[in-house]
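Only one structure is covered here, and it is reproduced in the block below.
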Amino acid sequence: MTGAVVRLARVGARVGEAPLWLPDRKVWLWLDLQGRTVHRYDPVTATDRVIASGFAEDLACLVRWTEGAALLVSVRGFHRLDPDSGQTAPLPCLIDLPPGTIFNDGKVDRHGGLWVGSSDAAEAAPLGRLWRVRAGKITEVAAGFTVSNGPAFAPDGTAAYFADTVARRILRFRLDASGAPLSHDLFAAIPDSDGYPDGMTTDSAGTLYVGHWDGARISRWSPGGTALPPIPVPARNVTSLAFGGDGMRTAAITTASLFPGQTGGPDQGWDGDLLAIRSGVSGLAEPMLAGGFAGEVIAQS
């Protein structure tokens, strides 16, 4: 990364999340999960506006689906989102959530498969799971997480990274040629002093970037698992980041407001705002989700 973190929009979101660059529109979408709003940021006019609100439940994640629609996941359902008007429509929810759990973070892999995780709604027990949805088939990838976050994917599609947040660890899943998971191992353990690993992304060189809740930083990791110098962020709760902008060299960073018991540090204060940093290495556009949601035959394995 080059330069310092800058503030794109002063928002004060309760829990900012899921920054998503739309290459055809050249704008960012992002969510305030507990504020139950979808935001659209235009870098040309430097303006941020809410395009959808009034949801009956908290939001979870947002991915590209088609040129005219994004998939919005709330904590218990799937929705079609028009990125221009902000209009939404319910979709069939392909996954039966176990009792006491909610959807959390998710992204699309290099093969068009949707990876989405769940968390214990009370954030107390390891009830969460991780699924992959591709071509009408649901695969349970792993289970036993109190809070699930990520994932992110290697540029060549051979690996997925996932944050087991409360356990402060990042897992790596080896993928086959179709993107299906083969095995997984521990990629990185996060020290208590660094907070909790949250949302993540990779650049075109394969470097992994991880936002840290309660850590005021973005950690960086080589593809081999070597820790690189972290990026300090002037917000205590760094929730996610993604590449976009001209040349895919801007990383938009979402943050959350301070929670009860938290206090901001002397170099913080942008809690809940939309931030960004320039990169010397380009990122990759988020892939589009393959397939639809109506009339599909879903199989669980």
### Task
Take region 14-55 and flag every residue that is under 30 Å from Ala135 (Cβ atoms) and more than 18 Å from the chain's Cα centre (by Cα).
Asp24, Arg25, Ala52, Phe55
### Filter result for Arg168 (under 23 Å from Gly215 (Cα atoms) and touching a helix residue (DSSP H, G or I) at 6+ places or on another chain (Cβ under 9 Å))
yes
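Which residues, taken from region 204-233, are among the polar types (S, T, N, Q) and without any contact (Cβ under 8 Å) to a residue 24 or more places away in the chain? Before the answer, list the steps.
First pass over region 204-233, keeping only residues among the polar types (S, T, N, Q): 204, 207, 219, 222, 226.
Scanning region 204-233 gives Ser222, Thr226.
Thr66: closer than 17 Å to Leu22 by Cβ, among the polar types (S, T, N, Q) and at pLDDT below 95, yes or no?
Values: closer than 17 Å to Leu22 by Cβ: yes; among the polar types (S, T, N, Q): yes; at pLDDT below 95: yes.
Here the answer is yes, as Thr66 does meet what is asked.
Can we say Trp21 is touching a helix residue (DSSP H, G or I) at 6+ places or on another chain (Cβ under 9 Å) and surrounded by 15 or more Cβ atoms within 10 Å (Cβ to Cβ)? Spell out the reasoning first.
Working: touching a helix residue (DSSP H, G or I) at 6+ places or on another chain (Cβ under 9 Å): yes; surrounded by 15 or more Cβ atoms within 10 Å (Cβ to Cβ): yes.
So Trp21 fits the description; yes.
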### Query
Out of (1) at negative phi; (2) surrounded by fewer than 16 Cβ atoms within 10 Å (Cβ to Cβ); (3) in contact (Cβ under 8 Å) with a residue 12 or more places away in the chain, what's the single condition that is false for Val38?
(2)
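Tell me which residues, restricted to region 123-136, are of a type in the set (Gly, Ala, Ser) and either without any contact (Cβ under 8 Å) to a residue 40 or more places away in the chain or not in a loop (DSSP other than H, G, I, E, B) (or both).
Ala124, Ala125, Gly128 - these are the residues of region 123-136 that are of a type in the set (Gly, Ala, Ser) and either without any contact (Cβ under 8 Å) to a residue 40 or more places away in the chain or not in a loop (DSSP other than H, G, I, E, B) (or both).
Select from region 60-78 the residues that are polar (S, T, N, Q) and either on the phi > 0 side of the Ramachandran plot or open to solvent by less than 10 Å² (accessible area, probe 1.4 Å) (or both) and list them in ascending order.
Filtering region 60-78 for residues polar (S, T, N, Q) gives 66, 74.
Answer for region 60-78, where residues must be polar (S, T, N, Q) and either on the phi > 0 side of the Ramachandran plot or open to solvent by less than 10 Å² (accessible area, probe 1.4 Å) (or both): just Ser74.
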### Query
Exactly one of (1) among the charged types (D, E, K, R); (2) assigned to a strand (DSSP E or B); (3) over 16 Å from the mean Cα position of the chain (by Cα) is unmet by Asp156. Its number?
(2)
### Every residue from region 79-95 that is free of Cβ contacts under 8 Å to residues at least 60 places away in the same chain, surrounded by fewer than 18 Cβ atoms within 10 Å (Cβ to Cβ) and either outside any strand (DSSP E or B) or touching a Leu at 6+ places or on another chain (Cβ under 6 Å) (or both)
Asp82, Asp84, Ser85, Gly86, Gln87, Cys93
### Message
Cβ-Cβ distance below 7 Å, separation of 6 or more or different chains: which pairs start in region 109-122 with a residue that is over 14 Å from Leu97 (Cα atoms) and end on one that is open to solvent by less than 10 Å² (accessible area, probe 1.4 Å) and part of a loop (DSSP other than H, G, I, E, B)?
### Response
Asp109/Gly157; Asp109/Gly179; Arg110/Gly157; Arg110/Gly179; His111/Gly157; His111/Gly179; Gly113/Gly179; Trp115/Asp109
### Message
Scan region 52-59 and tell me whether some residue there is open to solvent by 30 Å² or more (accessible area, probe 1.4 Å) and part of a strand (DSSP E or B).
### Response
no
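Would you check which residues across region 137-148 are touching a residue at least 60 places away in the same chain (Cβ under 8 Å) and either within 15 Å of Asp120 (Cβ to Cβ) or open to solvent by 10 Å² or more (accessible area, probe 1.4 Å) (or both) and list them?
Kept after step one, since they are touching a residue at least 60 places away in the same chain (Cβ under 8 Å), are these residues of region 137-148: 137-140.
Scanning region 137-148 gives Lys137, Thr139, Glu140.
The values are calculated or read from the model by the stated rules, or taken from the named source; none is laboratory data. It should be emphasised that the depicted structure is a prediction, and the values quoted were computed from it without experimental measurement. For neighbour counting, all protein chains shown are included, and Cβ atoms are generated from backbone atoms with ideal geometry for every residue, glycine included. All accessible areas refer to the heavy atoms of the entire protein, side chains included, with ligands and DNA or RNA removed. Shrake-Rupley method; radii C 1.70, N 1.55, O 1.52, S 1.80 Å.
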